[in-house]
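Trainee: The following block contains the structure, expressed as structure tokens.
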């Protein structure tokens, strides 16, 4: 049984303007779809990095909450990408600055729906990283117990590849060996309230055995949200479980069409 990280899905109030923002930065819209409860779009570099799903809910109200901390966008030219974000209407949080602790320059803006975006230029980027447009890096969600959440994702077959401490938080990176997609977990040092999912709808984990992975999670005591179910519209079986903070994890098994 193998597992890989899929896209992460966040709620937005205006799908068209959110898509336009990311496309304006040079990250294209890969696909669009419409389901019963929402209009959705996938944002991704054609060949590299993470995938971001944007969802405009039809009726379900949502508040921003405190679950989503930030989204990383990697670039080989942070000055140009940062300036373009501002032209597109982003609000500056902090100008690009080279860090002493890591060989990177970072800058922060607030994008659509006040989402915090961290632009990152590494010095240098590996030759395997794109030479053209920016690409999505990891997404960072807040958790109340870092060790417990790491254990949950390791149970699903993913790997914690690094841990670090910064002034405001304890952090860890979760990834898989095949796609290079990353999930960052952050336990804020001043976190004293439950995690309010708000803007975060769901996180996807792809597997070659949905039923077995679902059973592994449920048998370990994690809540079942939906049992494995084949879908009529797509050649997939999906199930939902909840992680220690209640994040909805969609387990997806693709079938030969």
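The values are calculated or read from the model by the stated rules, or taken from the named source; none is laboratory data. Here the structure is a predicted model, which is why all the values come from computation and not from measurement. Cβ sites come from the backbone with ideal geometry, for glycine too, and all protein chains shown count toward neighbours.
Trainee: Can you find a residue that is in contact with a helix residue (DSSP H, G or I) (Cβ under 7 Å, 6 or more places away or on another chain), modelled with pLDDT of 95 or more and not in a strand (DSSP E or B) anywhere in the stretch 185-193?
Mentor: Among the residues of the stretch 185-193, not one is in contact with a helix residue (DSSP H, G or I) (Cβ under 7 Å, 6 or more places away or on another chain), modelled with pLDDT of 95 or more and not in a strand (DSSP E or B), which makes the answer no.
Trainee: OK, next. Testing residue 214 on (1) assigned to a strand (DSSP E or B); (2) touching a residue at least 24 places away in the same chain (Cβ under 8 Å); (3) closer than 15 Å to residue 251 by Cβ, one condition comes back false. Which one is that?
Mentor: (1)
Trainee: Filter the stretch 60-72 for residues that are touching a residue at least 40 places away in the same chain (Cβ under 8 Å) and closer than 20 Å to residue 16 by Cβ; which is surrounded by the most Cβ atoms within 10 Å (Cβ to Cβ)?
Mentor: Step by step, filter the stretch 60-72, then rank; the result is 71.
Trainee: When you check residue 207 against the structure, is it touching a helix residue (DSSP H, G or I) at 6+ places or on another chain (Cβ under 8 Å), buried (at least 21 other Cβ atoms within 10 Å of the Cβ) and touching a residue at least 12 places away in the same chain (Cβ under 8 Å), yes or no?
Mentor: Yes.
Trainee: Criterion first (within 30 Å of residue 220 (Cβ to Cβ) and modelled with pLDDT under 95) does residue 62 satisfy it?
Mentor: yes
Trainee: Quick check: is even one residue across the stretch 2-23 out of contact with any helix residue (DSSP H, G or I) (no Cβ under 8 Å at 6 or more places or on another chain), on the phi < 0 side of the Ramachandran plot, part of a loop (DSSP other than H, G, I, E, B) and at pLDDT below 95?
Mentor: yes
Trainee: Still on this structure, I have one more. Looking at the stretch 224-250, which of the residues that are loosely packed, with under 13 Cβ neighbours inside 10 Å and assigned to a loop (DSSP other than H, G, I, E, B) is farthest from the chain's Cα centre (by Cα)?
Mentor: The qualifying residue farthest from the chain's Cα centre (by Cα) is 232.
Trainee: Related question: Tell me, which strands (runs of 3 or more DSSP E) lie completely within the stretch 87-155 with 1 or more residues that are loosely packed, with under 14 Cβ neighbours inside 10 Å?
Mentor: Ranges flagged: 91-98.
Trainee: Moving on. Between a residue in the stretch 147-164 that is closer than 13 Å to residue 177 by Cα and any residue that is in a loop (DSSP other than H, G, I, E, B), which pairs come within a Cβ distance under 9 Å, given they are 6 or more apart or on different chains?
Mentor: If the second residue must be in a loop (DSSP other than H, G, I, E, B), the pairs left are 157/1; 157/2; 157/176; 158/176; 159/176; 159/177.
Trainee: I'd like the full set of residues that are over 26 Å from residue 68 (Cβ atoms) and out of contact with any helix residue (DSSP H, G or I) (no Cβ under 7 Å at 6 or more places or on another chain), limited to the stretch 235-257.
Mentor: 235, 254, 255, 256, 257
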